Amino acid sequence: MKKSASEITVREMTEIVKKYIRGSHNLNFAIKILGHPGVGKSAVVKKIAEEENFYFIDTRLAFKENVDLGGYPVPDHNNKQMIYFRPKFIPPEKIPEGYDGILWFLDESNRAHPTVIQTLFQIITEKRCGEHLLPEKTSIILAGNLGEEDDTTITEFDDSALDGRLAIFHLKPSAEDWLSWAADNNIHPSVIQYISTFPERLWDEKNVNPNPRGWHQVSSALLHGYNLKSHEDLKNFLQNKKDSTLEKLIYSLVGNVAGTDFFMQLLSPRLLSSEDIVMGNEDKLTLLKERKIPAEDILWALNGTIEILNERALLKSGNFDSDDLRVIGNILKFIGYSRGDIRMAYFFLLVKECGIFSIIPEAIKRIEDVSIQNELKSRYGDLLV
């Protein structure tokens with residue numbers, strides 16, 4: 001029976017991996033991170049290595065064979081025996097000068113050949129790769145995709161002995177984590193603005209595109225391929241329609257749906273965003289009451305809002321504070337003043353996806369305007385019973 005994976009955010013993973021590598025020479029297990037392609041597994045681990053001053057080695061196991069890890073045998077004619085030269089891509093005999101340890105990142109571990117997976121057991125349990133000992137302060141992090149869940153091919157291998165020596169996590173990136181990373185990594189302002197407004201577009205759990213890696217690639221294409229450094233540069237470029245290759249490139253990186261919406265937001269922004277709802281934008285609420293916001297814009301914004309609240313619920317394990325209650329109150333206002341079918345659908349989605357039914361009455365009480373409190377109670381009616 002395969003060991004189940006605990007769902008984890010980038011922030012949680014960073015904290016766990018840092019604690020692990022600091023004491024891994026005294027720990028009797030390794031960490032394995034599963035996740036959809038492009039969610040940032042390798043990028044996050046590499047950043048952790050840099051922050052902790054660990055020498056980082058990235059090995060893709062899908063392209064390796066057992067003999068690659070253990071080293072090729074070479075005859076020692078003088079001693080009449082075979083010796084095995086140390087492969088370049090495994091950790092060196094000693095920690096490189098200036099570093100505090102080694103972080104060996106073994107990616108695509110569940111796409112490896114079965115004989116390679118057997119070698120992993122030795123690496124994890126003995127800190128040895130064939131004949132070659134690893135330095136004492138070597139931390140092992142495995143990573144892999146999800147198989148059928150994300151349409152990737154994996155090695156069908158079930159070894160409870162190996163799983164028993166692994167802490168296995170399923171990485172689920174959040175827009176909040178990604179935006180925090182983006183702010184420190186020179187991501188194009190148009191990409192940051194788009195994901196801030198529509199966090200649900202960061203990645204599609206059911207499809208390959210879009211994903212965080214794709215949006216990073218979009219940023220790189222805009223900044224370095226087309227030399228469009230600012231939001232205005234990109235907007236002017238699109239309005240002049242001198243070159244259609246950019247649109248095609250972006251579609252190839254994040255998919256047609258996300259790519260089309262990205263460009264549409266640049267040229268004809270939606271009248272309502274998830275941020276408007278979360279922050280309780282009174283001007284936008286007035287427009288909603290006056291039926292001046294298109295239904296499509298309302299649906300887009302509410303979808304993103306549910307995603308934001310889901311992330312908060314996951315990060316806080318459902319333990320909402322007063323600020324969360326204020327946000328929920330704002331969401332209830334925008335849902336409540338939407339037309340009837342949208343109001344009913346998103347109220348049930350709010351309850352089903354975020355599991356907050358029991359605190360909805362308290363969230364409504366936190367709304368400062370008593371007249372809005374009473375009107376929302378009337379609009380939701382039996383739904384609150």
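Laid out as a table, the results:
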item: Boolean, Ser230 is over 23 Å from Asn186 (Cα atoms) and either of a type outside the set (Lys, Arg) or touching a strand residue (DSSP E or B) at 6+ places or on another chain (Cβ under 6 Å) (or both); result: no
item: Matching residues, region 4-26, being closer than 22 Å to Pro96 by Cβ and in contact with a helix residue (DSSP H, G or I) (Cβ under 9 Å, 6 or more places away or on another chain); result: Val17, Lys18, Ile21
item: For Trp203: the one exception among (1) touching a Pro at 6+ places or on another chain (Cβ under 8 Å); (2) outside any loop (DSSP other than H, G, I, E, B); (3) crowded, with 22+ Cβ neighbours inside 10 Å; result: (2)
item: Residue check for Asp184: at pLDDT 85 or above, within 29 Å of Ala221 (Cα to Cα) and in contact with a helix residue (DSSP H, G or I) (Cβ under 7 Å, 6 or more places away or on another chain); result: no
item: Candidate set from region 14-37 (those that are touching a Lys or Arg at 6+ places or on another chain (Cβ under 6 Å) and crowded, with 23+ Cβ neighbours inside 10 Å); member that is nearest to Arg201 (Cα to Cα); result: Gly35
item: Condition met for Glu282 (outside the structural domain of Val10 (by TED's automatic domain parsing), surrounded by fewer than 18 Cβ atoms within 10 Å (Cβ to Cβ) and touching a residue at least 40 places away in the same chain (Cβ under 8 Å)); result: no
item: Count - residues of region 171-200 that are under 21 Å from Asp276 (Cα atoms) and not in a helix (DSSP H, G or I); result: 2
item: Any hit, region 107-121, residues being outside the structural domain of Leu253 (by TED's automatic domain parsing), modelled with pLDDT of 90 or more and either within 30 Å of Ile95 (Cα to Cα) or not polar (S, T, N, Q) (or both); result: yes
item: Of residues in region 38-74 being of a type in the set (Ser, Thr, Tyr), over 20 Å from Ser174 (Cβ atoms) and surrounded by 15 or more Cβ atoms within 10 Å (Cβ to Cβ), the one nearest to the chain's Cα centre (by Cα); result: Thr59
item: Filtered residue count, region 334-349, keeping only those that are over 15 Å from Ile293 (Cα atoms) and either basic (Lys, Arg) or crowded, with 22+ Cβ neighbours inside 10 Å (or both); result: 1
item: Filter pass, Ala62 being modelled with pLDDT of 90 or more, outside any loop (DSSP other than H, G, I, E, B) and among the small types (Gly, Ala, Ser); result: no
item: Scope region 27-43; condition out of contact with any His (no Cβ under 6 Å at 6 or more places or on another chain) and more than 18 Å from Thr138 (Cα to Cα); matching residues; result: Gly35, His36, Pro37, Gly38, Val39, Gly40, Lys41, Ala43
item: Close pairs from region 67-81: first closer than 24 Å to Pro92 by Cβ and touching a residue at least 24 places away in the same chain (Cβ under 8 Å), partner surrounded by 10 or more Cβ atoms within 10 Å (Cβ to Cβ) and polar (S, T, N, Q), Cβ under 6 Å, at least 6 apart; result: Leu69/Thr119
item: Positions within region 67-109 being among the polar types (S, T, N, Q) and farther than 13 Å from Ile141 by Cα, in sequence order; result: Asn78, Asn79, Gln81
item: Qualifying residue in region 225-234 (condition: surrounded by fewer than 22 Cβ atoms within 10 Å (Cβ to Cβ), at pLDDT below 90 and more than 15 Å from the chain's Cα centre (by Cα)); result: no
item: Count - residues of region 227-262 that are of a type in the set (A, V, I, L, M, F, W, C), part of a helix (DSSP H, G or I) and over 30 Å from Ile328 (Cα atoms); result: 8
item: Any chance Leu171 is closer than 15 Å to Arg213 by Cβ, at pLDDT 90 or above and among the hydrophobic types (A, V, I, L, M, F, W, C); result: yes
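Each row is one residue, and each column tells you yes or no for (1) touching a residue at least 12 places away in the same chain (Cβ under 8 Å); (2) touching a helix residue (DSSP H, G or I) at 6+ places or on another chain (Cβ under 6 Å); (3) over 30 Å from Arg326 (Cβ atoms).
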position: Lys235; (1), (2), (3): yes, yes, yes
position: Thr260; (1), (2), (3): no, no, yes
position: Leu271; (1), (2), (3): yes, yes, no
position: Pro294; (1), (2), (3): yes, no, no
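The values are calculated or read from the model by the stated rules, or taken from the named source; none is laboratory data. Owing to the predicted nature of the structure, the values given are computational and were not obtained by experimental measurement. When we count neighbours, we look across all protein chains shown, and the Cβ atoms used for this are built from the backbone with ideal geometry, even at glycine.
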